[in-house]
Amino acid sequence: MEGSGEQPGPQSQHPGDHRIRDGDFVVLKREDVFKAVQVQRRKKVTFEKQWFYLDNVIGHSYGTTFEVTSGGSLQPKKKREEPTAETKEAGTDNRNIVDDGKSQKLTQDDIKALKDKGIKGEEIVQQLIENSTTFRDKTEFAQDKYIKKKKKKYEAIITVVKPSTRILSIMYYAREPGKINHMRYDTLAQMLTLGNIRAGNKMIVMETCAGLVLGAMMERMGGFGSIIQLYPGGGPVRAATACFGFPKSFLSGLYEFPLNKVDSLLQGTFSAEMLSSEPKDSALVEERNGTLEEKQASEQENEDSMAEAPESNHPEDQETVETISQDAEHMGPKERGSKKDYIQEKQRRQEEQRKRHLEAAALLSERNADGLIVASRFHPTPLLLSLLDFVAPSRPFVVYCQYKEPLLECYTKLRERGGVINLRLSETWLRNYQVLPDRSHPKLLMSGGGGYLLSGFTVAMDNLKADTSLKSNASTLESHETEEPAAKKRKCLESNS
């Protein structure tokens, strides 16, 4: 029975969660290509050279397959019975088949005319099979390969699936690997396992992977616990996190803290006035976050975009803010009122952001985090050496880097510093296999590398630093290892006398 083994949690708010609703974030799938979009009525979406509207997907279950019809409408695809092996006519081998380009009777003009008439892609594929003079002479495997190739070309079939860590990581790695620092999906899975990400944890994360690592942690924690995200620049980039479509309850345990204030927090000189010293940057971040939906709408029309939020520090945003301030004198009463409301709303958001920063600083000051995850484009050594002070003893930490050499330097520095055990530098190896009857084999193309991981556990250092006679005790112990115990010596002397 569906859902019989699932436990209730914050994400399962009502029984209709498996249904697609207006405003939900979904992932469009066609063969091995994915694209994350937000469901909105009468909004044109372009995917794999096809444009359509997502109005008809609302109310259907996740995993439903749709077919693009005329006018950009999506209609659920009915399952068609495949012909059995007994009804198929197939040859024994392909040795007598010559690829001279004359085996297909239909020309490109004929196929274009069929498309103009509104003939579905499934019927076009069937006519291509009937008008092929060599199809029946091919082997059964060759026939399946031919049908699959033609379906991919002429059938506009799209499956709507629910976003998940696996799907989004595969999507980013295939289309925009530079945005996630070339982190492969199996490497991300290793990070979540080595970091012991689970519900109820208090985690620290520093990542510049468009929010993919943050979203993966939030999904695994299920809305329980707290996450403190350290970000460089004016504000955190959470484009991939938004694609997960988390409910608001998940965001209550998410905190953010600027990376340039970490040193003052460690030295004990941090104060609330330091957060209000840069109001322009926070205003720019709020302006950027406020225009997230509009920019995503324009990006989704581009084939190469993946429904991502804009990067930080756009000059267009600064010009827009300056233009609004310069034209404020020429506004009418209504426009001035809306401008005043906008300023008040922006100030309210800045105050909320400031409160969240102070809460994050209080959590970090406790120095009892349950784990640390670092996956950024910066050098990992100074980041890790600073952030390890916020982690409690006997807790895991994981550092990702696209290259091995920075992690080797980080490994050496950690060994010299102490306070860590079980240091391990690893690289995962991944190869995909094709699994089909009598045709299972490794795929010809495979990934060259998915990055490197440095993992370990923290231990308390105070006792080691305070005990200055540790080395002398250790040397004394080694010298006594070869000698016999005193009681045994005494017995030997008594027996001899």
How much accessible area does Thr269 have with a 1.4 Å probe, in Å² rounded to the nearest 10?
80 Å²
Measuring from label point to label point, each 7 Å out along Cα→Cβ, what is the Asp55 to Asn432 span in nm?
3.6 nm
Within the under-10-Å Cβ sphere about Asp22, not counting Asp22, Lys/Arg +1 and Asp/Glu -1 give a net charge of 0
Give the accessible area for Glu351 in Å² (nearest 10); use a 1.4 Å probe, count only protein heavy atoms, and leave out ligands, DNA and RNA.
80 Å²
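Using a Förster radius of 41 Å, what is the FRET efficiency between Lys148 and Ala189 based on their Cβ-Cβ separation? Nearest 0.05, please.
My answer for the efficiency is 0.90.
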So what's the net charge close to Ser386: Lys and Arg +1, Asp and Glu -1, counting the other residues with Cβ under 14 Å from its Cβ?
+2
The range 188-281, relative contact order in percent, only Cα pairs under 8 angstrom and at least six apart counted:
26 percent
Given +1 on the Cβ of Lys and Arg, -1 on the Cβ of Asp and Glu, and no further charges, what dipole in debye does the range 139-185 carry about its Cα centre, rounded to the nearest 20?
80 debye
With only Lys, Arg, Asp and Glu charged, each at its Cβ (+1 for the first two, -1 for the last two), find how big the charge dipole of the range 23-182 is about the Cα centre; round to the nearest 20 debye.
740 debye
Set Lys and Arg Cβ to +1 and Asp and Glu Cβ to -1, take the dipole of the range 84-204 about its Cα centre, and tell me which of Met183, Tyr154, Phe135 lies farthest positive.
Met183
Give me the percent of accessible area attributable to carbon and sulfur for the range 104-207, probe 1.4 angstrom.
49 percent
Probe 1.4 Å, accessible area per residue of the range 51-184, Å²
62 Å²
Considering only Cα-Cα distances, which of the following residue pairs are longer than 21 Å: Lys43/Lys340; Lys77/Lys162; Lys112/Lys151; Lys149/Lys179; Lys78/Lys105?
Lys43/Lys340; Lys149/Lys179; Lys78/Lys105
Suppose every K and R has +1 on its Cβ and every D and E has -1 on its Cβ; what is the size of the dipole of the range 93-194 about the Cα centre, in Debye to the nearest 20?
320 debye
Solvent-accessible surface (1.4 angstrom probe) belonging to Thr65, in square angstrom, nearest 10:
40 Å²
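The values are calculated or read from the model by the stated rules, or taken from the named source; none is laboratory data. All values reported here derive from a predicted model rather than from experimental measurement. Here the Cβ is made from the backbone with ideal geometry for all residues, glycine too, and neighbour counts use every protein chain on show. Accessible surface areas use protein heavy atoms only, side chains included; no ligands, DNA or RNA. Shrake-Rupley method; radii C 1.70, N 1.55, O 1.52, S 1.80 Å.
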